[in-house]
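Below is one structure, written out as structure tokens; the observations come after it.
The values are calculated or read from the model by the stated rules, or taken from the named source; none is laboratory data. For clarity, every value in this text was computed on a predicted model and none was experimentally measured. Here the Cβ positions follow ideal geometry from the backbone for every residue, glycine too, while neighbour counts run over all protein chains shown. To get the accessible areas, we keep the full protein, side chains included, count just its heavy atoms, and leave off ligands, DNA and RNA. Shrake-Rupley method; radii C 1.70, N 1.55, O 1.52, S 1.80 Å.
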Amino acid sequence: MLEVRGLAHRYGSYAAVENLSFTVAEDELACIVGPSGCGKSTLLRCVAGLIKPTAGGVTLHGDPVDGVPADLAVVFQDYSRSLFPWLSVRGNVEFPLRTRVSNRTERRKRAEEALAWVGLEAAGSKYPWQLSGGMQQRVSIARALACKPALLLMDEPFASVDAQTRADLEDLLLRVRREHGSTVLLVTHDIDESVYLGDRVLVLSKSPASIVADLTVTLPAQ
Ligand code: ADP
Ligand code: ADP
């Protein structure tokens, strides 16, 4: 359903990603793992349509991703810039639902439900600046999950939260995906996390990123 073909991205003359090709099947959770600075965020931004590849392209269900709004949600690593400061926590989670859910009561319900998933049901009326960094990141995750997007893109989503919250959020992601069947592309530098979460792990070389291993993860039955 997601196809990346011959993707390259240069910042000026610096090649961050070069000739990268892979596909992610419907409902697959693929982790991209690789050393810091290898081009993971650049890859994710290209897939999200936020920056334009220098060569190659990305298609979603066969349609090119080129800035046209697709049914996707993105969670960035940098929580400090991802929430709207003038909206309450609840308002932030409801915002992308405006184009997806026409009924206002239903939108509110979805937002409250997603805030409860991340343990922030009591923080809906607060503003982002009133929350810790880890809490702001949980709001970003709630906002993305509330959309129940066909494609969920996550860039080091758990890097800024403590170990217990991280474990809870990882399990939440697995549960929500099982229930709603999203395709997920998650970038991390943590190989343990990639194996725990992923059905599949794509290992990138150092910059310019190319795939050095494509692993299917099979865990023993529990
Ligand atoms: P990763 O997410 O794997 O840490 P990035 O995609 O952020 O890697 O960056 C890949 C390379 O491109 C790095 O060497 C980084 O310094 C460089 N880079 C990233 N963003 C920019 C930018 N806006 N301008 C110039 N170079 C950049
Ligand atoms: P989290 O537990 O969300 O990862 P932290 O580890 O930064 O976040 O903070 C631990 C706890 O301390 C938070 O869950 C919250 O209860 C409280 N806290 C931290 N910073 C703030 C703040 N600026 N405003 C309100 N509560 C805060």
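Quick one: is S88 open to solvent by 20 Å² or more (accessible area, probe 1.4 Å), within 16 Å of ligand 2 (Cβ to nearest atom) and at pLDDT 95 or above?
Against the criterion (open to solvent by 20 Å² or more (accessible area, probe 1.4 Å), within 16 Å of ligand 2 (Cβ to nearest atom) and at pLDDT 95 or above), S88 qualifies.
What number of residues within the stretch 14-29 are within 13 Å of ligand 1 (Cβ to nearest atom) and surrounded by fewer than 18 Cβ atoms within 10 Å (Cβ to Cβ)?
Residues in the stretch 14-29 being within 13 Å of ligand 1 (Cβ to nearest atom) and surrounded by fewer than 18 Cβ atoms within 10 Å (Cβ to Cβ): 2 in total.
Based on what the data block shows, is L120 open to solvent by less than 10 Å² (accessible area, probe 1.4 Å) and either β-branched (V, I, T) or more than 16 Å from ligand 2 (Cβ to nearest atom) (or both)?
no
Given the criterion assigned to a helix (DSSP H, G or I) and open to solvent by 40 Å² or more (accessible area, probe 1.4 Å), identify the matching residue among E106, E170.
E106
Please work out which residue is farthest from ligand 2 (Cβ to nearest atom), limiting yourself to the stretch 144-192 and to residues that are among the β-branched types (V, I, T) and modelled with pLDDT of 90 or more.
T183
For the condition within 16 Å of the chain's Cα centre (by Cα), open to solvent by less than 60 Å² (accessible area, probe 1.4 Å) and at pLDDT 95 or above, what is the one hit in I32, I51?
One residue alone meets the criteria, I32.
Would a scan of the stretch 133-143 turn up a residue that is away from ligand 2 (no atom under 16 Å from the Cβ), in a helix (DSSP H, G or I), closer than 24 Å to R45 by Cβ and among the hydroxyl-bearing types (S, T, Y)?
Taking every residue of the stretch 133-143 in turn, none turns out to be away from ligand 2 (no atom under 16 Å from the Cβ), in a helix (DSSP H, G or I), closer than 24 Å to R45 by Cβ and among the hydroxyl-bearing types (S, T, Y).
Could you tell me which numbered condition R45 fails, if it satisfies all but one of (1) assigned to a helix (DSSP H, G or I); (2) over 18 Å from the mean Cα position of the chain (by Cα); (3) surrounded by 13 or more Cβ atoms within 10 Å (Cβ to Cβ)?
(2)
Would you call R98 more than 16 Å from ligand 1 (Cβ to nearest atom) and within 24 Å of R166 (Cα to Cα)?
Criteria not met by R98.
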